[in-house]
Amino acid sequence: MFADRSYRIVVGALAALGLAFLAFPVIVTVVASFEGSSFIAFPPTSWSLKWYGEIGSINRIVEATWISFQVAFASAALATLLAGLAALAIVRGRLPLGGALATVLASPISLPMIAIGMALVQFFIAIGVAFTWWSLVVGHMVLVVAYPLRTIISSLLLAERSQEEAAASLGASPLTVFRTVTLSQIAPGVVSGFMFAFLISFDNYPISLFLVRGSLTTMPIEVFNYINQSFDPTPAAFSTVYMVVLTILIAIAEKRYRIISLALPR
Amino acid sequence: MPGTNTLAKNAVVGPGVDAADKAGPFWSRLALPGRAGLLVLPALAFMVVFYLYPVSMMLQTSVEPAASGATAAKAGGITFQHYGEVLDSRRMTASLERTIRLSAISTLITFVIAYPIALFLVGARPWLRTAILVFTFASLAASIIVRNYGWLVVLADGGPVNSILIAVGIIEWPLRLVYSEGAILVALVHYAMPFMILPIYGALVRLTPSQWEAAQSLGGSPWTVLRSVVLPLSMPGVFGGVTLSFAIAASAYVTPLMLGSPASAFASQVAAEELLVQLNFPRGSAVIVLLTLCTFAVIGLYAFAVRRIGQTHVRG
Amino acid sequence: MSQQSPRPASAAPSRRRVLKGALATAAVGLAAPWVTTKARAAGELTVVLNQGLPAKLWIDEVNPIFERETGAKLNIQQSVTSNMLAMLETQKDNPPDLLQFSEAGVFFARDAGLLRQYDTGNIPNFADLKPEFDMADGYSAGGFDAYHTLHYNTRRIGEEPMSWEVMWDKANAGLIAIPPITWNNGVRMVTTAAQLATGKPFVEAQYELEAGLAHLAKLKENGVVVYTGAPQAIQMVQSGQIPLVPFYGPFINSVIDQGAPVAPATRLKEGAHGEIVGLNMAANAPNVELAEVYVNISCSREFQEKIDSVLKTRCGHKDVTPSPETAARIGSPDDTLYADWAFLSRERGALTDAWNEHFG
């Protein structure tokens, strides 16, 4: 932005350090997965790929990861939908106490996650749907609805009404205006909110812990169980694999749908 | 000055009635306030049933008279005995204080590290920007459990951090970094970074090049401009990032569990112990309620402070 | 950076995305199981195993046999004793069928009406259990002895410790760890400290909890670290960062077999701790017959021999004697002390609060 050299150098250096810090545990995880001996060490004492072959020894890992993926997608999608509607209502519908309402709807992130888990499991048992797939989705939705809510409200506030007014003045119905103009303006909020919600749900441990039983289990739970009984780098290998997969998915989505560009405010 | 209205308005998590400011008369007819307002109903209904009701049950539990042993003999009525017990306990109040303190510190550090990154992203070339943003999201994709275990290894006495510090000569003997507040702090800062970077970046990107240049033309170094113009204008994003990071840190459970010790317990750990080990549901619920109240209080104070500063800034 | 008007092309992908997302959600939702709890429970056995290496052993060895014999589905969860008690309490109306925890929890659970007594007529192998492994008169089918002692890093600590007193030795400042009070061995550390403080034999000293806690608190001056989980404890001792860690043998023996420089101190003057872990059936267990089959397999001689060879600890079967390798890890049976858990579980709440005021 500024042409000033000292500015660019300092900001660049600080940013580089910050990004290095952000990257650090990720790099540690990836590098530790190649450790040859049976104990996680960094730097590795020897090199081996064998732990990638051992990923299957994490109990029911394929099933658990698939469930986590489904649950994350469903809860993120539904949460984004609910949050989007609520955001529209709060910002455009000019609800009284809209600010308070938004705060309440977003408040689950301030609550300890174990509280949400414990409160919900007792509730679900009482109504007879405990430990089902949908109850797990509901539990995650409660937590993640805050993220798309915040991002979509933010997008709506910063959206330019002039375009909507222009479209309306050309005779478009409110629904058409919404479909063609508003939706694209809130796209950053929708996309980034969805991505946050997905990633948070996918990796969630405390809420899932209370809501699962038996054949319903999630990836973080099985990884945590594994870490308690084997101290080898297999979880690091597994984490590397799915991180790479998710990054590729995000990158593909970026290429085809330019979602990162969509996730950026314009 | 452009944007100050936005500043004051966006200084709260939700917009409130001020949204009317932006609307012209034409649009307000089309907004159909009544009908659009109804859109909130699905989310509201969902949260009332699956969030407010179960949580209110927890609130109720926290004021129940104590049950004896495993069988709950409800005597009826409300008592604050459990809150009294929590506030009397040195350990529990220390854990609440520690949770708030460390969350605040980690949020501050996260802000300091994330702001330059966001600044850099604004001026970066598109491909680099996209790559960094993909990476920022992807860092969330790494399992928190595996990451924390990695911190245990990295921050160990014989681990790389200590080795580097010794090699460089900053310290002579390894520092006990793990099983302490320090390790928790590092992990919390790292976890909160994506949630800080993106809102700040979103706010910075709102500034037009003309605003940047106009501010610069008023004289002063880039740093002065940064401090007096850019930073205040980016406050909406900063506010969002700060409140989110703080809330996430305060409600953390896995991170303090894996990297700390009982002496560095967070409130959520203490609550979990009361609920799952002591089977003292009223007391555990009381801890949770107190933690939530403290978190809201801190965020509320911060919102108030931001508003006040924003208003003085406008006048000044 | 500058505000551009949105190009039409960018509106289309976001719309398409929303539609695709909605369709995908619907497809996923329809494909995913929605079964109510009751329907799920029938014909499926839910077992909560003790988190760590024992769970792994049961999963690897008992589960295949069970699935082969009954054809029923097996749902495994892993947890620790205290959380399992909470599970039993809060899920009274729809509990897991079997839970694996030790005598530390059995008496409490039985007295609270949370456990169901075994109909030993339906479990032939139950009769082969040693008497002390039939806990609380048929309420728990003991599987293995969670032998607990001081484990040390052989590279950093030259000689095998001969007394628990080494933890209080100033020479070992900053090199010691203790378990949390939420773990059963945390309670045993208090009883051991009571032994040291009062000088009485264990059977009497275990009741002197106040004296024990006061003595244990002195470890703070010696820079003690409290671990909160198995990964931490094992990381500490195998890396040598904290070379003196009281820990359960069965939960670390496999790691030692893989070459970790760790060894148990089996000749401690004050003795090591025994804690019998068994399978317990919940009071309203939905699948009693299946549970009985699972317990039967766990008590069978073939499996019990695996306990001896893999976990390297005493097992419940009366005809299985410890192999030489196992004997090396658990020392003499005379030096293994079992506590009065009926008393300790009653005092546990107050003890936890007091411990927390010191170490929390």
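FYI, it's all coordinate maths here, none of it is from the lab. Since we're looking at a predicted model, the values are computed, not measured. All Cβ positions, even for glycine, are placed from backbone atoms using ideal geometry, and neighbour counts span all protein chains on display.
Points worth noting:
- Above-threshold pairs, the threshold being 28 Å between Cα atoms, out of C:Lys200/C:Lys318; C:Lys220/C:Lys269; C:Lys92/C:Lys220; C:Lys56/C:Lys170; C:Lys218/C:Lys312: C:Lys200/C:Lys318; C:Lys92/C:Lys220; C:Lys56/C:Lys170; C:Lys218/C:Lys312
- Anisotropy class of the protein assembly as shown from Cα gyration tensor, a/c 1.5 cut: prolate
- Pairs of Cα atoms nearer than 8 Å and 6+ residues apart set the relative contact order; for region C:99-253 it is 28 percent.
- The order of C:Lys312, C:Lys170, C:Lys269, going from fewest to most other C-beta atoms within 10 Å of their C-beta, is C:Lys170, C:Lys269, C:Lys312.
- Principal semi-axes in Å for region B:158-229 [√(5λ), Cα gyration tensor, largest first]: 40, 18, 9
- Considering only C:Gly278, C:Gly138, C:Gly249, the mean-square fluctuation computed in a Gaussian network model of chain C, springs between alpha carbons under 10 angstrom, is largest for C:Gly138.
- Across chain C the C-alpha pair distances fall into 10 Å bins from zero in the proportions 5, 23, 29, 20, 10, 6, 4, 2, 0 percent.
- The Cβ shell under 15 Å around B:Ala252 holds other residues with a net charge of +1, Lys and Arg each +1, Asp and Glu each -1.
- Mean separation of Cα pairs under 8 Å and 6 or more residues apart, divided by the residue count, gives chain C a relative contact order of 25 percent.
- Mean Cβ neighbour count within 10 Å, used as a protection proxy, ranking A:160-166, B:175-181, C:129-135 highest first: B:175-181, C:129-135, A:160-166
- Shielding value for B:84-95 is 2, the average number of Cβ atoms from other chains within 10 Å of each residue's Cβ.
- Per residue of peptide C:111-120, the mean number of Cβ atoms on other chains within 10 Å of the residue Cβ is 1.
- Using C-alpha pairs below 8 Å separated by at least 6 residues, the relative contact order for region C:288-338 is 25 percent.
- Likely footprinting exposure, B:Ser103, A:Ser38, fewest C-beta neighbours within 10 Å first: A:Ser38, B:Ser103
- GNM top mover of C:Gln195, C:Gln77, C:Gln100 - chain C, alpha-carbon springs below 10 Å: C:Gln77
- Within-12-Å neighbourhood charge of A:Gln229 [Cβ basis; K, R +1; D, E -1]: -2
- Top of C:Gly71, C:Gly212, C:Gly105 by mean-square fluctuation, Gaussian network on chain C, Cα under 10 Å: C:Gly71
- Prolate/oblate/rounded call for region C:136-175, Cα gyration tensor, a/c under 1.5 rounded: prolate
- For region A:62-233, a Kirkwood radius taken over Cα pairs fed into Stokes-Einstein (37 °C, viscosity 0.692 mPa s) yields D = 188 µm²/s.
- Fewest-first sequence of B:Thr208, C:Thr120, A:Thr182, A:Thr218 by Cβ atoms within 10 Å of each Cβ: B:Thr208, C:Thr120, A:Thr182, A:Thr218
- Using alpha-carbon coordinates, inclination of helix A:5-32 to the longest axis of chain A, degrees: 50 degrees
- Each helix, a run of at least 4 DSSP H residues, gives -39500 (n - 2.57); summed and divided by the residues of the protein assembly as shown, these come to -18000 deg cm²/dmol at 222 nm.
- Nearest-0.05 FRET efficiency for B:Ala94 and B:Ser163, computed from C-beta distance (R0 35 Å): 0.60
- For region A:9-28 versus region C:201-226, the inter-centroid distance based on Cα atoms is 46 Å.
- A viscosity of 1.306 mPa s and a temperature of 10 °C, combined with the Kirkwood radius over Cα pairs in Stokes-Einstein, give a translational diffusion coefficient for region C:270-360 of 98 µm²/s.
- Dividing the Cα radius of gyration of region B:113-168 by its Kirkwood radius returns 1.14 for Rg/Rh.
- Remark: mean inter-chain Cβ contacts per residue of B:259-272 equal 5, using a 10 Å Cβ-Cβ cutoff to other protein chain atoms.
- Packing-based ranking, highest mean first, of B:127-136, A:225-234 given that Cβ atoms within 10 Å are counted: A:225-234, B:127-136
- Relative compactness, region B:89-315, computed as alpha-carbon Rg over 2.2 N^0.38 Å: 1.17
- Axis of helix A:61-91 versus longest Cα principal axis of chain A: the two differ by about 20°, to the nearest ten degrees.
- Count Lys and Arg as plus one, Asp and Glu as minus one, and take only other residues whose Cβ is under 14 Å from that of C:Glu302; the net charge is then -4.
- Against the main long axis of the alpha-carbon atoms of chain A, helix A:113-127 sits at an angle near 80°.
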